[in-house]
Amino acid sequence: KRRDIVLNAGRSNTMMANKRQRLGNPVADGYDLASSVLESLEGIRDGTTFSSEEVMGKYLDLQPLYESHVVPIKSLFVEATQNDNKNKTNHRDITSLFAFADFLAVLSKGEGGLVEGISENSKLKERKKYVRFLVALESYLQGFLKRTQPLLSEEQVTHSAINDFQEEWRQRGGSLGWEAKPAEASMAVDASSSENSDKDGEATNISSSGIDLSNFASAADLEKAVDGEKLKAELSRLGLKCGGTVSDRAKRLFLTKDTPLDQLPK
């Protein structure tokens, strides 16, 4: 029996040696799966991954977002609730009473609430605060997705919706919640061209825009051939200042003919 035990132990050691030779030593080489899993679960064990309101990732916790970014622009969200209210009362009274539950009710309407429920003029009037709200909401949802679905990439979730939005804007010059302006159709981002330019590492220039500046010898020629709204839309698409007179816009856009965008003032 002793001899059999010794022989079996010897075989086991030989098998382990062969396995380590083929696969390496997970612990010594630093890729122990169990340790990796335990490390990723550490935040869940000590309660730092999710807030108490999120209940281990079952629910969204939008209370902090409401207090920091919604309260300053309550009037916008009140507008979304009043669109469905036939007996509209004093706007100021409703704004003062607009609570967290009312904010959730707006979100629950989907596109009819946050997108279509707020007029374009109202969003533009409070555009800085409204953009901060959208950025904060996007950031929270991205983080929540990463915490609850760590193996799922953000692109897998948003790719289809973003493509549909860009295609609609490219065709109409607008989308749900925004007035359709054909002159602004060129503001739609071409995902394929932007990816290619990023891979090449080259600065984006006007040759990839909706207006071909090679056909114009001067800013004056550009001003005569292209109306002010199209100039404004093209400048906005490129992330440049788009205000001023038509002449100012033409001069600003013409500069991009020979100057890379990253060298132009925003």
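The values are calculated or read from the model by the stated rules, or taken from the named source; none is laboratory data. Just so it is clear, the structure is predicted and the values come from calculations on it, not from any experiment. With ideal geometry, Cβ positions are generated from the backbone for all residues, glycine too; neighbour counts draw on all protein chains shown. We work out accessible area using only protein heavy atoms, side chains counted, and drop any ligands, DNA or RNA first. Shrake-Rupley method; radii C 1.70, N 1.55, O 1.52, S 1.80 Å.
Structural remarks
- The single condition among (1) at pLDDT below 80; (2) open to solvent by less than 50 Å² (accessible area, probe 1.4 Å); (3) of a type in the set (Val, Ile, Thr) that THR89 does not satisfy is (2).
- Per the conditions (1) surrounded by fewer than 17 Cβ atoms within 10 Å (Cβ to Cβ); (2) closer than 30 Å to VAL115 by Cβ; (3) modelled with pLDDT under 80; (4) not small (Gly, Ala, Ser), the sole criterion not satisfied by ASP200 is (2).
- Identity of the residue in segment 229-240, surrounded by 15 or more Cβ atoms within 10 Å (Cβ to Cβ) and in contact with a Leu (Cβ under 9 Å, 6 or more places away or on another chain), that ends up modelled with the lowest pLDDT: LEU238
- Residue within segment 132-151 that is part of a loop (DSSP other than H, G, I, E, B), within 18 Å of the chain's Cα centre (by Cα), at pLDDT 85 or above and exposed (fewer than 14 other Cβ atoms within 10 Å of the Cβ) present: yes
- Test: residue in segment 70-83 that is closer than 30 Å to ARG147 by Cα, open to solvent by 50 Å² or more (accessible area, probe 1.4 Å) and at pLDDT 60 or above: yes
- Screening GLU120, GLU116 for residues that are of a type outside the set (A, V, I, L, M, F, W, C), at pLDDT 60 or above and either open to solvent by 80 Å² or more (accessible area, probe 1.4 Å) or in contact with a strand residue (DSSP E or B) (Cβ under 7 Å, 6 or more places away or on another chain) (or both) leaves exactly one candidate, GLU116.
- Unmet criterion (only one of (1) surrounded by fewer than 12 Cβ atoms within 10 Å (Cβ to Cβ); (2) at pLDDT 60 or above; (3) more than 25 Å from the chain's Cα centre (by Cα)) for GLY43: (1)
- Close contacts from segment 132-153, counting a first residue that is over 13 Å from LEU62 (Cα atoms) and touching a residue at least 60 places away in the same chain (Cβ under 8 Å) and a second that is aliphatic (A, V, I, L, M) and open to solvent by 70 Å² or more (accessible area, probe 1.4 Å), with Cβ to Cβ under 6 Å and a gap of 6+ residues or different chains, come to none at all.
- Residue in segment 211-228 that is nearest to the chain's Cα centre (by Cα), counting only those that are part of a loop (DSSP other than H, G, I, E, B) and modelled with pLDDT of 85 or more: VAL226
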